[in-house]
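Values in this text are rule-based calculations from the coordinates and carry no lab data. Worth saying up front: this structure is predicted, and the values here are computed from it rather than measured. Every residue, glycine as well, gets a Cβ built from its backbone with ideal geometry; the counts of neighbours run over all protein chains shown.
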Amino acid sequence: MASRSEIATVYAAGLVQGIALVTFPAAGAVFTSAAGYGLSNTQYGTMFEPQAAMAIVSSLLGAGLMSRLGAKRIYLLGLVANLAAMALLLGSKCVMGQHTAAYGLLLAATTCMGLGFGFTVPALNTFAAGFFPEVVDKAILGLNALLGLGTALAPVFIAVFLALGVWWALPLLVGVLLLVLLAISLPQALAAGGQRQTASAGQAKGKFPARFWLFAVFALLYGVCETMNGNWASLFMIDHLGANALLASVALALFWGMVTAGRVLFAIIEKWFPESAAFRLLPMVLTGAFVLCSCLPQTAPVAGLLAFGVAGLGCSALLPLTISFAQKELTAIASSVAGGLIAFYQIGYGIAAFGVGPLEARGGLGLNTIFGGAAAIAVAMAVLSFILVRPEKEIIAKISNANT
């Protein structure tokens with residue numbers, strides 16, 4: 001049985017990881033402005049490629065490493081990598097005027113962020129599922145709600161720090177939080193979740209069943225859709241809708257805030273609105289948000305806030321539900337599910353993070369057209385969701401039980 005301090009540590013780590021993850025896209029206006037780093041949209045997108053690549057590698061290796069080193073060590077390695085990312089980002093500020101040196105440090109920083117995310121998030125999901133084996137869906141939704149809260153806080157912090165002229169205070173703040181988290185985590189046992197999950201590691205060495213690949217495709221498509229909003233919302237607001245940096249930060253904060261609110265909402269109403277129904281509904285909401293973005297006139301930045309809020313709700317519970325559904329269904333490879341799905345999610349992240357820049361520069365497409373094209377990906381998720389969720393009769397039975 002996990003202690004309260006262990007549970008609090010794991011869920012606090014989710015919050016801090018969320019802030020760390022969005023530190024880079026939250027500072028997108030700094031990276032692309034002439035007064036900042038002066039990156040082109042293509043260079044900005046390329047900056048996230050090492051992050052996606054290392055997150056994929058670390059997520060895939062994580063399950064095997066957890067079986068040998070233990071979940072706690074992998075989690076601590078992730079925190080250290082996150083800390084290195086913040087230190088490198090701060091270091092790049094010192095050489096901002098030297099484009100090559102600064103960009104090299106930014107690439108190194110996102111590389112470390114990928115390692116940190118790929119090690120930390122699957123370990124945290126493993127802990128949460130192990131701490132609360134009877135309510136895995138709620139445990140993982142709760143963890144990811146806090147992670148989402150962190151992602152919503154990052155653009156709020158950057159907006160405040162930009163107004164004060166000290167945007168670099170965000171990576172400094174995150175670095176301090178990571179140091180505190182490391183100090184709290186080191187004496188903790190943090191073994192309950194890891195022991196339950198890694199016990200099946202020997203069973204995870206075989207081939208992945210066909211159902212896993214369906215979940216993996218869904219996670220990849222979700223990664224594309226989330227990153228279209230999470231990495232490009234600020235630039236869409238500035239470039240297409242003519243918003244200022246503050247309003248662009250508000251749009252990003254609203255997106256991540258609605259991601260968090262949706263995760264909390266669907267955890268609360270689970271008795272009356274089953275997770276499987278939410279899993280089918282949310283891709284349709286996301287489709288509507290992309291269509292709305294594509295139709296916005298260039299004089300409607302406030303309407304952009306609405307569009308990204310709807311997109312946040314559409315994204316909200318999809319990734320944690322994908323992980324929890326897969327873990328419950330694929331029990332023979334339970335120790336590998338979270339890491340594998342996070343890896344495919346990161347492949348989608350990489351596609352969207354890098355792909356938008358070339359589509360603009362070489363394809364001549366506007367951001368509104370690219371957002372409209374992403375609606376087709378959300379439609380594919382909607383179709384796939386009907387294949388992945390439990391049979392309708394189980395949903396009806398659950399609703400009937402809740403009403404009796």
Under 14 Å from residue 72, Cα to Cα: aspartates and glutamates that are on another chain or at least 8 residues apart | 6
Segment 44-117, relative contact order [Cα under 8 Å, separation at least 6], % | 51
Using every alpha carbon pair in segment 4-403, what percent of pairs falls into each 20 Å bin from 0 up to the bin containing the largest distance?
-> 30, 59, 11, 0
Relative contact order for the chain: what is it in percent, counting Cα pairs under 8 Å that are at least 6 residues apart?
-> 25
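With a cut-off of 8 Å between alpha carbons and a minimum separation of six or more residues, what is the relative contact order of segment 202-347 in percent? Working shown, then result.
Values: 170 pairs, mean separation 57.3, N = 146.
Worked out over segment 202-347, it gives 39 percent.
To the nearest 20 debye, what charge dipole does the chain have about its Cα centre, counting +1 at the Cβ of each Lys and Arg and -1 at the Cβ of each Asp and Glu? Before the final figure, lay out each step's value.
Details: 18 positive and 12 negative charges, 155 e Å.
Around 740 debye, computed over the chain.
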Please work out the C-alpha center-to-center distance from segment 89-145 to segment 221-266 and express it in whole Å.
-> 18
